[in-house]
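Step one of this worksheet: look at the structure below.
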Amino acid sequence: MERLKIIPTSQFVKYEKEQKLTLLKHFNKIKMTNIDFGYARKSSVVYSSMIEGNPIDLDTYYKYFTSGMNTKTKSFKEITDLEDAYSFAQGHVINEKNTLYCHKLLTKTSAIENRYRGAYRNRNVSVMKNGNEVVYSGADTKIVKTEMRK
């Protein structure tokens, strides 16, 4: 049995040209239509919120959404804020100004101070475990703006 060999990068262009079917060729065949991403976006924002500790699951969210019950709670508002940010991002170019605006949208209900909404932070942050063990540290404030621009 012959062992697998690594193809030199110089061969990639030739290899790609010889392929009858490629992802790019498939994508180019897709006709752009107005696709309703409503359900996909809603489920995405609910599960993203759950990762961040929001207690509302998708079934509960839809019950609240369709009945109008509990839509004034912090947990529900955080989800709708995130959906507003997703919707905005979906229709706009990814750049510094729009990213900061998305941050402003998604933090409307969160506990962060108004001056930090849609702006770069000037304080170091970290995620703690058991109140004293640092699990994750955010980028140092000296490089936040530079890193975000990248």
- Note on the structure: Checking Lys63, Lys108, Lys142 in turn, the sole residue that is at pLDDT 90 or above, open to solvent by 90 Å² or more (accessible area, probe 1.4 Å) and not in a loop (DSSP other than H, G, I, E, B) turns out to be Lys63
- Take the residues in segment 96-150 that are within 19 Å of the chain's Cα centre (by Cα) and acidic (Asp, Glu), then tell me which one is nearest to Lys74 (Cα to Cα). Glu96
- Task: Give the residues of segment 72-88 that are of a type in the set (Phe, Trp, Tyr) and either open to solvent by 80 Å² or more (accessible area, probe 1.4 Å) or more than 13 Å from the chain's Cα centre (by Cα) (or both), sorted by residue number.
- Result: Phe76
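Would you check if Val46 is at pLDDT 80 or above, hydrophobic (A, V, I, L, M, F, W, C) and open to solvent by less than 50 Å² (accessible area, probe 1.4 Å)? Can you show your working first?
Values: at pLDDT 80 or above: yes; hydrophobic (A, V, I, L, M, F, W, C): yes; open to solvent by less than 50 Å² (accessible area, probe 1.4 Å): yes.
Criteria met by Val46.
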- Task: Name, by its number, the condition in (1) open to solvent by 70 Å² or more (accessible area, probe 1.4 Å); (2) within 17 Å of the chain's Cα centre (by Cα); (3) under 16 Å from Val45 (Cβ atoms) that does not hold for Gly91.
- Result: (1)
- From the options Glu16, Glu78, residue that is among the acidic types (Asp, Glu) and over 30 Å from Met128 (Cβ atoms): Glu16
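The values are calculated or read from the model by the stated rules, or taken from the named source; none is laboratory data. In this text, all values refer to a predicted model and were calculated from it rather than measured experimentally. Backbone-built Cβ (ideal geometry, glycine too); neighbour counts: all protein chains shown. Please note that ligands, DNA and RNA were not included when accessible areas were found on the heavy atoms of the full protein model with its side chains. Shrake-Rupley method; radii C 1.70, N 1.55, O 1.52, S 1.80 Å.
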